[in-house]
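As structure tokens, the structure follows; a few thoughts come after it.
The values are calculated or read from the model by the stated rules, or taken from the named source; none is laboratory data. Quick caveat: nothing in here was measured; it's all calculated off a predicted structure. Heads up, the Cβs are rebuilt from the backbone with ideal geometry, glycines too, and the neighbour counts pull from every protein chain shown.
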Amino acid sequence: MSRQLTSLLAIAAVCVALAPGQAQAATTPKKAATPKKAAAVDCSQVKCIALTFDDGPGKYAGTLLDTLKKYDAKATFFLEGQYAKSRPQFVKRMAAEGHELGNHSYTHPDFTKSEPAAIRSEIQKTQDAVKKAAGVEPKLLRPPYGLADLTVSDIAAEFKMPIILWTAGSEDWASKNVEAIKKKTLEVAKPNGIILMHDWVKQTVDAMPSIVKSLQGKGYHLVTVSDVVKGENLEAGDIFPVPAGWEN
Ligand code: NI
């Protein structure tokens, strides 16, 4: 995928597979227990959507994680390093419960107005904070405000990360209304969509049980961003979805 100099602001959504519970006949000789891992969801075969939560972990992240666990749904969290540092317990839990962790800078500056050294520092400090909290490093970058240019793309490539934007937003930060957030999210949901949400918006967290039930009722598997972009073969520095005017 080619890259061009431009500023961008984009939008997105996703899916997940569940490991079927496995009943073993009582008469079957006991074999060494093979860990029953969740089967990877193939989003080219089933309906997937990726819910993404930016700027956290917010203070309601625990409630959100409870909801996701209850409905066996996965999500992707684009974390702000300063909050990964101050709320490491949520970051640890996100990773342990199978959610994907992404890098959303340390203090949320506009990368297109930042010096390269500052961008590198923002990214690295967040990698370090997440690693310290959860033992894993993000493999995806979402720059603050979804703004990137060729410099940001080159730096993402240095960190071996693609840049992930979104196909649609829930507009939760603007409406801060449970019904409006649900309505908008269901309206913009589409197969392999990547939906922008925020776990610091209390109304988003309050709306989640209903949103998850509705999406699953429509046949969606709620999966991670990496699950939905698997077929895109993204390379480090690529931007997905490709913003209008960026293709060539
Ligand atoms: Ni943000």
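What the table shows:
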quantity: Of residues in the range 141-151 being of a type in the set (A, V, I, L, M) and surrounded by fewer than 24 Cβ atoms within 10 Å (Cβ to Cβ), the one nearest to the ligand (Cβ to nearest atom); calculated: 147
quantity: One residue from 199, 238, 227 being modelled with pLDDT of 95 or more, of a type in the set (Asp, Glu) and closer than 18 Å to residue 65 by Cα; calculated: 199
quantity: Residue that is of a type in the set (S, T, N, Q) and at positive phi, where the choices are 86, 105, 114, 44; calculated: 105
quantity: Any hit, the range 37-48, residues being under 22 Å from residue 210 (Cα atoms), within 16 Å of the ligand (Cβ to nearest atom), at pLDDT 95 or above and under 18 Å from the mean Cα position of the chain (by Cα); calculated: no
quantity: Complete set of residues in the range 121-165 that are closer than 24 Å to residue 86 by Cα, within 18 Å of the chain's Cα centre (by Cα), part of a helix (DSSP H, G or I) and touching a residue at least 24 places away in the same chain (Cβ under 8 Å); calculated: 123, 126, 127, 129, 130, 133, 134, 144, 145, 146
quantity: Matching residues in the range 49-63 - criterion: being within 16 Å of the ligand (Cβ to nearest atom) and not in a loop (DSSP other than H, G, I, E, B); calculated: 51, 52, 53, 54, 55, 56, 61
quantity: Residues (touching a residue at least 40 places away in the same chain (Cβ under 8 Å), part of a helix (DSSP H, G or I), buried (at least 17 other Cβ atoms within 10 Å of the Cβ) and not β-branched (Val, Ile, Thr)) located in the range 166-208; calculated: 208
quantity: From the options 112, 126, residue that is within 16 Å of the ligand (Cβ to nearest atom) and touching a His at 6+ places or on another chain (Cβ under 8 Å); calculated: 126
quantity: Tally of residues being more than 18 Å from residue 75 (Cα to Cα) and not β-branched (Val, Ile, Thr) across the range 147-172; calculated: 12
quantity: Among (1) aliphatic (A, V, I, L, M); (2) over 19 Å from residue 212 (Cβ atoms); (3) within 16 Å of the ligand (Cβ to nearest atom), the one test that residue 196 misses; calculated: (2)
quantity: Restricting the range 78-97 to residues that are in contact with a Pro (Cβ under 7 Å, 6 or more places away or on another chain) and outside any helix (DSSP H, G or I), the residue that is farthest from the ligand (Cβ to nearest atom); calculated: 87
quantity: Count of residues meeting criterion [in a helix (DSSP H, G or I) and over 16 Å from the mean Cα position of the chain (by Cα)] in the range 212-231; calculated: 6
quantity: Residues of the range 70-107 that turn out to be out of contact with any strand residue (DSSP E or B) (no Cβ under 7 Å at 6 or more places or on another chain) and farther than 16 Å from residue 128 by Cα, as a count; calculated: 7
